[in-house]
Amino acid sequence: MSKTNTHWVIKALLNRSYMTSKDIANWVSQLSGKPFSMNQAAGVLSKISDPQKCDLGNFVQKQRHGKSFEYALIPEACHLNEQQAYELTLRRGKNRYTLQDALKDFPELQQYHDLQISHNQSSTVSSPHVRPKFAVQSWLMPLSIHKNNKKMDFAIRYSDKYALSFSMSIWSVMIICAIILITVGICAFLFYILIAKLIIFFLIAGIGYLAAILFRGNNADQMTRMKSNSHRKN
C-alpha cells in the first residue's frame, strides 16, 4: 500500500522535533525518493494542525520561527504509532482509531484535549457578559477547572495567536499559592524589621548629634564666663 502525503508528514512528525514545511518536504523527498514539494507539506500541515479539521490537531504544536511556522507533535502523542496518528486525521472510516480510543490508550493526552475544549469555549463567547461554565478569563490566562479529575488548566497567552499551556492538580495550585503567601509574609516581616532598625538608628544618631551640639554650646558658655571673670579680677 502506497503512503499518502498525510502518512509521510505524520511519519516525519513522529520521528523528528519541530520542523517547518520546508524541512518536512526535504525529509520526505529524501526518504521516499520522490519529489515532495513544500506546498504539499504545508497543505497537509494546515489540516492536521487544526483541531477543527481533525482530532490529531489537538496534539500538534505550532510556533513561529522567523517568517515561517514550525510544527511538532507533543511528546505524549509520539507514543502513537503511524497508523493510529493517521486515522486520527480521518473524519469517517469503519473501525478507525478514534480520539476516544487514543484518550483511553494514552490517558496523558486528556489534559491537552480538555485544554483545547476550554479554548474553543472561550473563543465562541460573543458577549463579554457570557462566560463558559467553570471558566475565568483575565489579561494573563484563561483558566478551566475540571471537577472530574480535579485539575486546573492554564494558558499563558503571550501574543494574539500563541499561548503556553499547562495543567496542574488543584492541590498543587493550593500548595503553590500557600508558598507564595508565606514567602510574601516573610519578606514583609524582614522588610519591617529592616525599616524599624533604620528608624531606630537614625533616631539614636539624631539624638546623639543634638546632645553633642548642646554639650559644645554649654562648654563654650562656661569658657566665656571664665574669661570674663578673669578680666574683672585683673
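Some observations on this one:
- If the condition is being part of a loop (DSSP other than H, G, I, E, B) and either loosely packed, with under 14 Cβ neighbours inside 10 Å or modelled with pLDDT under 85 (or both), then the range 51-68 contributes 52, 53, 66, 67.
- Complete set of residues in the range 29-48 that are surrounded by 15 or more Cβ atoms within 10 Å (Cβ to Cβ) and farther than 19 Å from residue 89 by Cα: 29, 36, 38
- Options 182, 145, 199: the member that is modelled with pLDDT under 85 and either hydroxyl-bearing (Ser, Thr, Tyr) or surrounded by 10 or more Cβ atoms within 10 Å (Cβ to Cβ) (or both): 145
- Set 72, 77, 102: member being in a strand (DSSP E or B), closer than 30 Å to residue 169 by Cα and among the aliphatic types (A, V, I, L, M): 72
- Inspection of the range 85-95 identifies at least one residue that is assigned to a loop (DSSP other than H, G, I, E, B), in contact (Cβ under 8 Å) with a residue 40 or more places away in the chain, surrounded by 19 or more Cβ atoms within 10 Å (Cβ to Cβ) and touching a Cys at 6+ places or on another chain (Cβ under 9 Å).
The values are calculated or read from the model by the stated rules, or taken from the named source; none is laboratory data. Values in this document were obtained by computation on a predicted structure and should not be read as measured data. Every residue, glycine as well, gets a Cβ built from its backbone with ideal geometry; the counts of neighbours run over all protein chains shown.
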